[in-house]
Every structure is written in structure tokens, then in C-alpha cells.
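Enquirer: The structure's right below; bear with me while I get my questions together.
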Amino acid sequence: MRTYEGEFTIDRPRETVWAFVTDPHKMGTCIPDLIELNVESENRFRTLVRVGVGPVRGKFDLTCELTVTEPGAAASLAIRGGGMGSGVDMKAEMSLSDVDGGTHMKWRCDAVVSGPIASLGGRLIDGEARKITEKVFTNLKNALNVLSKETRAAVAEKAASDEG
Amino acid sequence: MFPNAFKYEAPESVDEAIRLMTEYGYDGKVLAGGQSLLPMMKLRIAAPAVLIDINRIDDLKGWRRVDGKLRIGAMTRHSELEHATELFDSFPLLSRTARWIADPLIRNRGTIGGSLVHADPASDWGTAMIALRAEVEARGPHGNRLIPIDDFFVDTFATSLNEDELVVALHLPSPTGPAASRYMKLERKAGDFAIAGLAVHIALGSDGRVSDAGIGICACGPIPLRAARAEKALIGQPLTEETIANASRLVPEDAEPADDLRGSAAYKRDLLRVFAARALREIAEELHGKVGVQ
Amino acid sequence: MALPQTELRPMGKSILRKEDPRLIRGKGRYVDDIMLPNMLYLCILRSPYAHARIRRIDTSAAQAAPGVKLVMTGEDLAKMNLAWMPTLAGDQQMVLATGKVLFQYQEVAAVVAETRAQAEDAIQLIEVDYEPLPAVVDPFKALEPDAPILREDKEKKSNHIWHWEAGDREETEAIFRDAPVVVKQDVRFQRVHPSPLEPCGCVADYNSATGRLTFYVTSQAPHVHRTAIAMVTGFPEHQIHVISPDVGGGFGNKVPIYPGYVCAIVASMKLGVPVKWIETRTENIASTHFARDYHMTAEIAATEDGKMLALRVKTIADHGAFDATANPTKYPAGLFSIVTGSYDFKAAFVEVDGVHTNKPPGGVAYRCSFRVTEASYLIERVVDILARRLQMDPAELRLRNFIRKEQFPYRCPTGWVYDSGDYEKTLKLALERIGYDELRKEQAEKRARGEFMGIGISTFTEIVGAGPAHSFDILGIKMFDSAEIRVHPTGKVIARLGVRHQGQGHETTFAQIIAEELGLSADDVLIEEGDTDTAPYGLGTYGSRSTPTAGAAAALCGRRIREKARKIAAHLLEVGEDDVVWDGTSFSAKGLPGRSVTMKDVALAAYTNVPEGMEPGLEATYYYNPPNLTFPNGAYIAVVDIDKGTGAVKVRRFLAVDDCGNVINPMIVEGQVHGGLTEGFAIAFMQDIPYDADGNCLAPNWMDYLVPTSLDTPKWETDRTVTPSPHHPIGAKGVGESPNVGSPAAFVNAVVDALSPLGVEHIDMPIYPWKVWSILREHGIEE
Amino acid sequence: MKIRVKVNGTLYEADVEPRTLLAYFLREELKLTGTHIGCDTTSCGACTVLLDGKAVKSCTVLAVQADGCEVLTVEGLEKDGELHPLQSAFWEEHALHCGYCTPGMLMASYALLQDNPMPTEEEIREGLSGNVCRCTGYMNIVKAVQSAARKMAGETGKAMGEVATSGTAAD
């Protein structure tokens, strides 16, 4: 198992961030190199992603399941699946807290890569898994940053209606 | 073990190759020497839909001197550079590096351009090209451009080439004075990827001081790296026990090794220091007599 | 230079190998060279997970793929009661996984298609839904009470497999209580793999018209394979024809039955055409049986003046997911209790506990006789530690404690009876030949200059030639071996044996033994092995047992023929049987000079002119049940230099003095020693199969499982002493494995010796440069 | 794809899938099974053949890449029923046990002696470092190459190159 973690602060209220990360339609798009996103329920989505590190190219089919651990403050995302004869199991835990002028997000991801890729990539895989994981959260941060006020409102509304 | 089924194209000119690369885009993969790509395909961790085999393009083979530089065709095989006696004097690092690449059979097939484009962090050629301050000549649909080697490697297996650009040659500046080089590498067994490696190229001015210092670091980061601090410390200095020791201590500072089966990051850093000292000492000895080195 | 094969009395001579002419022409016939009409190819889908429940397998896309003829899963095999198969250790192993997978690269499904490429394509289309479970990688953690239970199929709800012990616990404890000096060391013998150059594979060819199954397999033990296949499949044994063609190296890897074999057989029976399965190198390392993986702790009790009194050993044996260790049935830890080695201990007590983990099954005897390498490495390592503690020269300590030659036959404290040896002579020869005293002087000078040079000694005793039928069996079949000799009318001979060589040169050495017994040249004798339809039953070639068992059978079978020949010779010479004298090449009549007949004359007479009432023909079969094992031994010395900058170790010299009793072909013996030393060197410095915490195999191919090349391999020096085995018909002992058994300790002892000024007592193998570097830097040593 | 390859002097025309590796083409199409396969990572050299005079690992070259080329395999070393000096030297020096690496070793040695007719022991070890042998420990292989080199130096008019280009039969 490999563990990666990080944190960042953005100038958006916690509710907005929470609504984003708990929306499969939004969170799904943060997965890097996404080919296909299939939202199966309000907390479950399937993605087909393009995995490409130089000549190593393939597609991974990943099922992602969101669990709320503490409403509005903490959630975890379990990602499971694989491709190219290999398996991927990740559990990303996210926690939000209010800070001056925005929200602080801490994330920690435990990743287990199995199969030929884990066996063959001894020299390379750690760096790559880290990069991909970090990209998820960079994408998340960027997406939150570019959210216009309108979009934020729409998200909040959608989240509200989903809850209803 | 068999690779996945793919479409095979074997262009006979660079233009045709680029046309095919443009046509197939992401699905296309250029096959140079194939000594890294084909094993990955056999293991099915690489599965390109189209292989564009550039082995039949004669324009990409061999080397010549152009405008005071050495231009090496991308499809020049490792073994050709290993045995290129006419280059031993002015570009000794070529042969000294080539003989460390994999094994003689792989060297008969693998190419310098293919190795660079593969952008393995343990690329021996990548390391040597950094020491030699090479430029990569790439051609795309809109013409040629020269990419300094420091801008060429972006990340593990990733270069700054566009999808439709083909590496056609390397350009190496000729040394300005008497030059000597060493390639140092520690392997777990003969032919293995490096635990750590170091390419050192030194040229001296007429005053016996270092006029050019190029130091490349192998397998100690996501890409081959440059020991810029050590290079800077050597320029303008004579090669003495003191300057050598000083520069050697600086080499690891530009490395970013990781802990793995080959050893800890600390170990790899120390290997770089040891290699730098050994290489510079040997170089000083070799150049002694050619110019007045203390 | 080797002699031509036409010499008479070829025993003990370096004649050229008879198998080579076809092999150097590229005309060997290995299993992958067998291409039969309508043959299909089988390929196996393997688990990416070390431990996971299989929720669902969808094979529909694979079934529809081009060229695919059959897709099989564990569920399919379960319907035929073939989802599991017995291992050599009496455990059960999954053929194709049902329920859950227990190691990464475990067999999950098989596809049969028209071409290899199509089969490989199709396995990628099989969808398996896994539910990953926590992997148990560390055998010590596997024994903890809250560890996940790996084997749900077993009654015993524990990862502990068995406990085994030898020796006298009380007596050993008593000696330890009062011992003036006790040394103790944890020693790990890492997981390695025989990894012969030719991977495993087979062609199953079921003929529905005749009901016969012809099974070509790269096998060290074709008869055992036939019996095992009959037992697994319920197929009548006489309808199974196993052919082991040229074998591209075995080293223990080709003793067991692997799931791929069962799948190929089932597929051929279902489809009625030949089915080939050839594994890849990755499959070979990551799924077929590993070797070693022992976590050992040894203690020696001794006196201050260096008399070793007692030995105590505790071991955890990591057996992986299935207990498939290839040991004689009564010995789950093999012959590990030979761990008292070459020394005369008063008492010893040895315990071993087998444990399941999420790793591939094993372990096989990799170029060694059942766990002897682990034992030999352990004792030779700990003896060195004792020497250091007592500030004695390691050669001196050994000489002081050797079993003396007059003590043979010697019963060791764990019960083995050593047949013969002269350990002192062998070590003294080695010390002299390598120039031990001068090397120690050189070392002292180097140490004074801050350089690190080491000298390592290993004086090992092997135990090979399993084995006496009273205590050695595999699946109940006694471990004898056999030879059948047919002398044709023109005096040419075909001999068949129950063993199967994989490079050891049986076609030459057994021809030499038989030619010697029959007074012929080796060229007159054709040796055939590996065909169960023609060869007499035998247990196969592993554990250095061929010469001790089949070699003995060949000699005694030859003598049986000679006895009949003597009767025919008497008839031809027209004298009484008692007046016939055999001089090694011909029979002559006592007291009648000039009257003699050769074996060729006798052979013709056997078919044309036998005495009245005698059954014609000249044939014999001999099943040899050895009265005891044989105990080859040797003294090895390694000299190493350490690069202070990189931690790299350079083996400057290595001398192997072996005593394998009488030698049949010195050229071949020397070649075997070179090869075994190279594998020992690889184990000491390169080879390991590490697993990460999730059970991923981190060295599943030859990029990371390191096999030495010509550039890495040191130059070997060899010599020999000869102490014949008193109970073997030709006094031979077997040699192929000694160098692999004896050398790892010499290498490690040398490195530790080099670093001993820093207080280093032990370094676990493989000694990678970074390990040495870490020790040097910890002590402030830098270049 | 249609290819034309001259193997051991005989010209073959065949239709191959682009993904067919040269080693499998030789073994399964041409039934030249002397070329062995020992690994999947270009590590072992059991499949070594000469491609246009250069020793390569034929498991890491596509058969389509050999189109228009000349290939020499172990089966092509013998000439008129006579063993090549390397083959006899391997026999005489006991340079093989199981024989699986032998064809690759012979081909790598052949290429080595072509470039360097009188190599030192170190040069031989370097030249064969792409070929793995699990049995012999290399000592006798090195000896055999030295012995063959001496024999070949002593033989006049029996140049190495002849074998590669002999034979003209078309298939």
C-alpha cells in the first residue's frame, strides 16, 4: 500500500466544496484522463480512464463509491477496478474545515496497485501513482476555483434537489 | 508471448513517417530499435494500435559534422556509437556510455533516438546527452526545431515532443579544448538499469582550467538530471583534489532519488558523490600532460 | 582434452558427452519444439491480487473471441472434480481458483485457441470481479491469532501447517544450560527460484480412438508425473504415456505437477486434439514452485577453547498458499536435520514450523537435496560467528570440531548415519591450494591500510541419494531407482533408466558405468530416459539422487548381465563357470592362456548359441533400493574485496574442493561444480523474490529476478579429494548440487570476514551493494 | 503481410501477422526450432540469431522487420555436414549441459568472433553478457570460444563469413 496526502485552501464556502465533492457528476470529472463517466447513483459512479505513461497505454475501468462519514465535513471515496490485467484499489479520505475566507481541505489516499503493473513498475510506479492521485485533487481544486458564482449556485440548488 | 495485434506501417522517408504520425495520432507509436517497446508490448502493458516502424528510413542513420557540431541520426544504433573509433577523441563519452547500455545484442538493435524518446529515468543516453549539452532535432508537419536536452525530458516516459513530431537527430557541440569523459554506473547485474549513474564531460581551456563541465545524473529522479551546481563550481577552476572534492559533494544536491529495491535515496546520492570524485580524478589524470593540470 | 568415447574401461575418464552433437546443432527436442497436427494452445489467466474473493467470472467475450475453442474456470473443473489437485506434500492445490485466490499470479481461468496469440488475446477478455482481502505476506504475522485465515478449505482454522522436530530436546537444553559460550543468530534464507532457462510446459495429446493420453512434459520425474496424473484425473495409468523430451534445465523446478498441465490434459480430452501449454518466464517465477524461504534461528553451545557441544535451531518455513514442498513424505522439512553439518556435536535439537502465506506454493529442492542448502548455510554461517566470538581462526575451529575420518560410519545427533568422509584432508588441501596463510597476511596488511578484504570458508556436508525405501517415499512410492539393460546380438546396448537428466550428462556417464561393467566402450551403449512406456519405473532426477540410485542400479544391472554372460562364456570357452575369469574387457579361461571371449562374442552367443536349458537373450532389469544416503562434502574458500565507495563486493578467487566419492567423468563433475557455484553465487549476491505488503511479487521476471551473466560470474577453481561411499556399488556419491549447497556460506562468510573489524557478525543474503554500503557508512567509513 | 527472408541461405516467402516475433516465425513457420525462447523481457539471449550479420535477440524483432534481410540461425552453422569450429569447441570443452542456451551462445559467439577474431577472456565475457546460461557457470563457454578462435585463426580459406551467405536454394 502506498499513502499519499495533501491539503489546500480555497476561497469558497465549505457548503460549496461539500456539494461538489459529494456530487458524482462533479467529482467524476476530476479523475484525470477521463474517457467516460457513468453516474449510477447519487454516491456511485463508474469511469473509464485512459492510463498513459509513455508507451504504457491502456484503459482502466474504475468504480467509485462515495461514503459520507461526517455530513458537511468528511467523506471518503473508494475507487476500485483495473485494467491491463492489473487491479487498483484506492481509498481517499477528505475532510473539510472552515478557515478564514474559505475552506481547507485535507486529503489522504491509500492506494493498492496489484498485478503486472505493480510487479513490473518497481522503478516507476510509486512516482506515477502519486502523480495521478495528486492530479485528482489538483483537478478538484482547479474546478472549484473556476466555478463561477452562478455555477456554484446551480450546484447548491442541484445538491438541494438531490437531497429532496 | 505475443504483442497485441496492431497495424504495421514501415515508412521509407521522414516525411512519410510524420504524415503517418499525424494521421494516427494517439493510436500510433513509433518503433525505433524496439528494445524497450517490444518487451512492454509482449507483456501487454503497452498496446499501440499502430506501429510506425522507422527502421527503413536511411536518412535517420549515421553521423556527420555540421557547423562545428556532430549530428547523430536518431536511428544510429548503440553499438555503432560504441565502436565509432573516429569519435573516440572528440566525443569519448559516446563510446564510454554506449558500452554500459544493456548488453551487446540489445546494443546492436537499440537506437540513440529511440532511447531518448522513451525517456526512461535510467536512460544512459539521456544522462550522457545532458553532460554533452546536446540538442534534439525534432521534425513535425511544420518543420524542424532544436530542443535543448534540458527542455526535452519532461517526466518519466514523457518528453516535450508533440504527438506528431519525430526525433531525427542529436546535435552535439564540439569540445572547445582538450576534453575527457567518464561514464560511471553501478548495476545489480550486468545489463541492468542503473542503481545510479553519472556522465561527466570536461573540457579544459589553454590555461588548464575547466572551460566546460557537463555532468548528467542517471536513475536518480523522474528524468535524467543535470548536476548544475557541480558544473558551475568547476567552471574556471583547475582540477585539484580540492575542486574535485567540492564538486563531488555538490553533485547529489541536484539529484532526486527515491528509495527502491536498488537502494535507498541516501545510498544513491552517495554513489553519485563517489562516482563524481572518481570520474573527475580519472579525467584530471588523463588530461594531465595534454595541458598543464596540477 | 576429453577422450574419445571408443575407449574401453571408460570409468573415471573425461569422455565427450554423447548428448552434445544434437544440442550444438540446434536439433535438441524440447517440449516447445513438439508441434503436432491440429495442435491448439492454452493460455492461463492469472490473479492480479494476492488474496481476493472471486465474486463472478464472465467468460462470454473470451468464448466469442477469434480462434477460441474452449474457456475453462475453476467452476468448470469442479464439475469434473478437478478443481483441486494433490501436491507432493499431501496438501491440495487449486488447479483453477474457485471461491478465492490465494496468491498473485494464481491460475484463475484457461483459454484454448488455435494460436498462442489468440489465446493470449482472449484471456484479456475474461472479466473477473474480485473482492480484495487483506494479504498475509509475513509468515510471523500469519501466525498471530488475529491473522486472516487463508485456507478456508482446511479443517484446521490456522495458517500454521505443521510442526516438525528432530534430535533430543532435553539433552540439548541441558548442555545449553551449562555451556560456557553460546552464540545465537537469526539467519534468513530468502525466497529464490530455480528458474531453469527452459520454462515449464507440456503438450497433452489425447487420442479418443485408442483411449491413450500421450503427455509430453518437461519433467525431471516422468514416472511420478504419470502416477500423479492417474491419481488426479482417475485416468488408467497404463493408458497414460508420459514423454519427457530434452529438458532445458530443471534444478527442482520440474518435479511438481502444475495447474497448467492439468488444464492442458482436460482440454485435450474435451477437444480431442493436442493442446500445448508453455509458460512464460513471468509465470515460471511468479507461480511455479519457489525454493528456500526459511527464517532460521541457530544457537551453538561451546567451550571457551572452541569445542562445539550442542546445536539448537528453530525455523519458520514460509510455504505460501499451498503446502507443495517437494520432500519425501515423512520429512516435511526435508533433510534439514542434517544441520549439524560436518561437526561432531554431542546433541542437537531442530524444530521447523510450516506456515501459509499469500504467496505461490513450494518449496522445491533448488539444486539441492531437500532443504540441505538451508541447513548447510545455517551451520556454516553460525560456526563462523562462533569463531569470531572465540577469536579463533575459522579454519582452526572447524578442524577442531570435524567428525574425524575414523568415526565413520558416524551417527549424528539427529539420527543420520554419515557413510564416509575425510573432512580434515579436504579442508587442508583447500587451505594449501588457496594459500590461506599468505591471504591472511595480505588481509592484515590491507586492514592496516583501511581496506576491506575477506576470506570465507565453508566446509559442508551434503546428504543425497534419497533414499532407503524404509523411510523415503513420495505419495507412498518408495524412493528406489531403476535400470534396464538390453544387450543386442552385435554387442550394442540400449539401457533405460527411471531417472531423467536435464543437463547432467546421463547419456554419457551411465553409458560409462554400463560400458565399464560390460567391458564395452561408452559408444556401444545408448542411454534412454524419460519415456514411461519404455523405461522402468523410477522416481526421477533431483536431490543429486541419479548417481547414488540409478547409477547404482545401472552398475548392478550390468553385473547381473555379466553373471549370465559368464555362464555363456563358460559354455563358449568350454570350461566350468568357476574357471572363467573376467578382466574388465573379456572372459578368459583360467590356466588356458589365449582362450578368451569378449562381451560381444557372448552377446551374439546369447541369441545364437546358449547352453542347453538356458533362456536366450541378454537383458536385465534392476531396481535399486539404497541401503543409506550418501554424504558428499567439500571445503570451499572465497576471497572477496569490498569497494568502499559503492559497497560492491568483488569475488577475487573461489576454490571448491569437493569430495563426491569415486568420479565417473571428471569433465562432467567439474562442469557441474562450475554451474552449482554460479547458482550459489547468484543466491548470495543477487537473487530474491520480494513481495510488497499487498502481496505483489516484485521480481517476477529476469529484469528483477537477477540471473548472473558471464560478466558477473567469478572464475572458479576446483579440486577434489576422493573418499568412496562404502555402500554404493561404484563408490560414487553425487555432486550436482554440492556447489550450490556449500557455496553461499563461503561467500557470506567472506563478506562478513571483510567487515568484521567493524564488529559485523552477520548480513542476510542477497548481499546487495547497498547493504554493505550502509554498514560502512554506519561506521563512518567513506571513500 | 508478405515477407521475403533468406534464412541460412534459403529464401523463404511467407505471409505473417505483423505481431509475429522473428523467433516464433523461425520456430513455428520454418520449423527451425534450434532458436529457443527463455524469457519475456529480452533478458536471456536464448533466441539470438544473426540479422544481416548482427547478433540480435529474435524475440525482440518483428518478423516483418526481417523482410528483405538475411538471417543465420544455429541450424546454418554446420557446413556440408561438418560442424563449425565453435560447435566442435563447445562439445570438446564441455560448454553445455542442458543445451537450451547453446544455440544463442553459439550465435553470439559467432558474431563476437566475426568482429574480434582473437578476443581476450574479458572481451568474451563482455561479448556474451546478453546470453544467460543457468547450467555451466560460463567457464567452459569462455574456454570454448577461445579454443574456436585459435582453431579458426589456424584454418586458412575457411573464413567465417562463408557460412552466412552460402546456399542459394529458393523456396
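Bear in mind these aren't lab numbers, they're just calculated from the coordinates by the rules spelled out. Only a predicted model underlies this, so the values are computations on that prediction, with no experimental measurement involved. No Cβ is skipped: glycine too gets one built from the backbone with ideal geometry, and neighbour counts run over all protein chains shown.
Enquirer: Per-residue ellipticity at 222 nm for chain D, helices alone: DSSP H runs ≥ 4 residues times -39500 (n - 2.57), over residue total, nearest 500 deg cm²/dmol?
Expert: Estimated from H runs of four or more residues: -8500 deg cm²/dmol.
Enquirer: Exposure proxy check: C:Thr288, C:Thr534 ranked by fewest other beta carbons within 10 Å?
Expert: Fewest to most other Cβ atoms nearby, the residues stand as C:Thr534, C:Thr288.
Enquirer: Please give the charge dipole size of chain C, origin at the Cα centre, charges +1 on K and R Cβ atoms and -1 on D and E Cβ atoms. Round to the nearest 20 debye.
Expert: Dipole of chain C, to the nearest 20 debye: 620 debye.
Enquirer: If you don't mind, another one. Do me a favour and compute the ellipsoid semi-axes for region B:60-173 from its Cα gyration tensor, root of five times each eigenvalue, largest one first, whole Å.
Expert: Output for region B:60-173: semi-axes of 21, 16, 13 Å.
Enquirer: Shifting gears a bit: Regarding region D:1-135, what's the average projected area of the Cα-atom convex hull, expressed in nm²?
Expert: Spelled out: convex hull of the Cα atoms, projected over all directions, averaged, 8.1 nm².
Enquirer: Cut-off is 10 Å between beta-carbons; in what order do C:Ile494, B:Ile202, C:Ile463 appear when sorted fewest neighbours first?
Expert: Ascending number of Cβ neighbours within 10 Å: C:Ile494, B:Ile202, C:Ile463.
Enquirer: Quick one: compute the contact order of chain B, relative version, from alpha carbon pairs under 8 angstrom and 6+ residues apart, as a percent.
Expert: Over chain B, the number comes to 15 percent.
Enquirer: Distance from the Cα centre of region C:377-417 to that of region C:294-339, in angstrom?
Expert: Centre-to-centre (Cα) distance: 16 Å.
Enquirer: Continuing with this model, one more query. What residues of region C:545-577 lie in the reach of a label at C:Lys590, counting those whose backbone N is under 18 Å from a point 7 Å from the Cα along Cα→Cβ?
Expert: Backbone N within reach: C:563-577.
Enquirer: Could you tally the net charge around B:Leu225, taking each other residue with its Cβ under 10 Å from the Cβ of B:Leu225, Lys/Arg +1 and Asp/Glu -1?
Expert: -2
Enquirer: Sort chain B into rounded, prolate or oblate with this rule: let a ≥ b ≥ c be the square roots of the eigenvalues of the Cα gyration tensor; rounded if a/c is under 1.5, and if a/c is not under 1.5, prolate when a/b is larger than b/c, oblate otherwise.
Expert: Prolate, since a/c reaches 1.5 and a/b exceeds b/c.
Enquirer: For region C:396-407, what does the Karplus curve 6.51 cos²θ - 1.76 cosθ + 1.60, with θ = phi - 60°, yield as ³J(HN,Hα) per residue in whole Hz, taken in order and with x for Gly and Pro?
Expert: 4, 4, 5, 4, 6, 10, 4, 5, 7, 4, 6, 7
Enquirer: Okay, moving on. Per DSSP H run of n ≥ 4, the term is -39500 (n - 2.57); total these for chain C, divide by its residue number, and report the mean residue ellipticity at 222 nm rounded to 500 deg cm²/dmol.
Expert: -8500 deg cm²/dmol, from helical runs alone.
Enquirer: Taking the Cα centre of region C:415-457 as origin and charging only Cβ (+1 Lys, Arg; -1 Asp, Glu), how large is the dipole, in debye to the nearest 20?
Expert: Roughly 220 debye, rounded to the nearest 20.
Enquirer: Put +1 on the Cβ of each Lys and Arg and -1 on the Cβ of each Asp and Glu in chain C; which of C:Val657, C:Thr325, C:Ala302 then has its Cα farthest toward the positive end of the dipole?
Expert: C:Val657
Enquirer: OK, next. Using the charge dipole of region C:386-439 (Lys, Arg: +1 at Cβ; Asp, Glu: -1 at Cβ; taken about the Cα centre), state which of C:Pro413, C:Tyr436, C:Tyr423 has its Cα farthest towards the positive end.
Expert: C:Pro413
Enquirer: Follow-up. Just grab the label-to-label distance for B:Ser13 and A:Asn145, each label 7 Å out from Cα along the Cβ direction, in nm (one decimal).
Expert: Each label point lies 7 Å from its Cα, and together they span 4.7 nm.
Enquirer: Set the Förster distance to 45 Å, then compute FRET efficiency between C:Asp186 and C:Val722 from the Cβ-Cβ distance, nearest 0.05.
Expert: The pair C:Asp186/C:Val722 has a calculated efficiency of 0.75.
Enquirer: May I ask for the distance between the Cα centers of region C:56-110 and region C:542-575, given as a whole number of Å?
Expert: Here the two parts' Cα centres lie 48 Å apart.
Enquirer: Set the bar at 19 Å for Cα to Cα. Now go through C:Lys446/C:Lys644; B:Lys189/C:Lys359; C:Lys13/D:Lys79 and name every pair that lies beyond it.
Expert: B:Lys189/C:Lys359; C:Lys13/D:Lys79
Enquirer: Between C:Leu8 and C:Val417, what FRET efficiency follows from the Cβ-Cβ distance if R0 is 45 Å, with the result rounded to 0.05?
Expert: Between C:Leu8 and C:Val417 the formula returns 0.75.
Enquirer: Of the options D:Met139, B:Tyr267, C:Gly645, report the single residue whose Cα projects farthest towards the positive end of the charge dipole of the protein assembly as shown (beta-carbon charges: Lys, Arg +1; Asp, Glu -1).
Expert: In the protein assembly as shown, that residue is D:Met139.
Enquirer: Residue by residue through region B:167-183, what is 3J(HN,Hα) from phi via Karplus (6.51 cos²θ - 1.76 cosθ + 1.60, θ = phi - 60°)? Round to whole Hz and write x for glycine and proline.
Expert: 6, 9, 6, 10, 10, 10, x, 6, x, 7, x, x, 10, 9, 9, 9, 10
Enquirer: For region C:718-725, in order, what is each residue's ³J(HN,Hα) by Karplus, 6.51 cos²θ - 1.76 cosθ + 1.60 with θ = phi - 60°, in whole Hz (x at glycine and Pro)?
Expert: 10, 7, 8, 10, 10, 10, x, 6
Enquirer: For C:Ser208, C:Ser774, D:Ser43, what's the fewest-to-most ordering of other Cβ within 10 Å of each Cβ?
Expert: Fewest-to-most ranking of C:Ser208, C:Ser774, D:Ser43: C:Ser208, C:Ser774, D:Ser43.
Enquirer: Pairs of alpha-carbon atoms within less than 8 angstrom and 6+ residues apart define the contacts here; what relative contact order does region A:2-163 have, in percent?
Expert: Rounded, it is 27 percent for region A:2-163.
Enquirer: In the neighborhood of C:Val602, defined by Cβ-to-Cβ distances under 12 Å, what is the net charge if each Lys or Arg adds +1 and each Asp or Glu adds -1?
Expert: After counting each charged neighbour, the total is +3.
Enquirer: Using helices alone, I'd like the mean residue ellipticity at 222 nm for chain A: each DSSP H run of four-plus residues gives -39500 (n - 2.57), total over residue count, nearest 500.
Expert: -10000 deg cm²/dmol
Enquirer: Same structure, new question: In nm, to one decimal, how far is the B:Ser264 label point from the D:Met1 one, both placed 7 Å along Cα→Cβ?
Expert: Between B:Ser264 and D:Met1, the label points sit 5.0 nm apart.
Enquirer: Also, quick follow-up: State, as an integer percentage, the relative contact order of region D:85-154 based on alpha-carbon contacts under 8 Å between residues 6 or more apart.
Expert: Relative contact order here is 52 percent.
Enquirer: Right, here's the next one. Report the paramagnetic label zone for C:Arg55: residues of region A:19-49 whose backbone N is under 16 Å from a point 7 Å from Cα along the Cα-to-Cβ axis.
Expert: The answer is A:40-41, A:43-47.
Enquirer: How many angstrom separate the Cα center of region A:56-131 from the Cα center of region B:218-234?
Expert: Centre-to-centre (Cα) distance: 32 Å.
Enquirer: So, in nm, how far is label C:Ala78 from label C:Glu612 when the simple model puts each one 7 Å beyond its Cα toward the Cβ?
Expert: Calculated label separation equals 7.4 nm.
Enquirer: Evaluate the charge dipole of region C:92-161 about its Cα centre and quote only its size in Debye, nearest 20, assuming +1 on the Cβ of each Lys and Arg and -1 on the Cβ of each Asp and Glu.
Expert: For this selection, approximately 360 debye.
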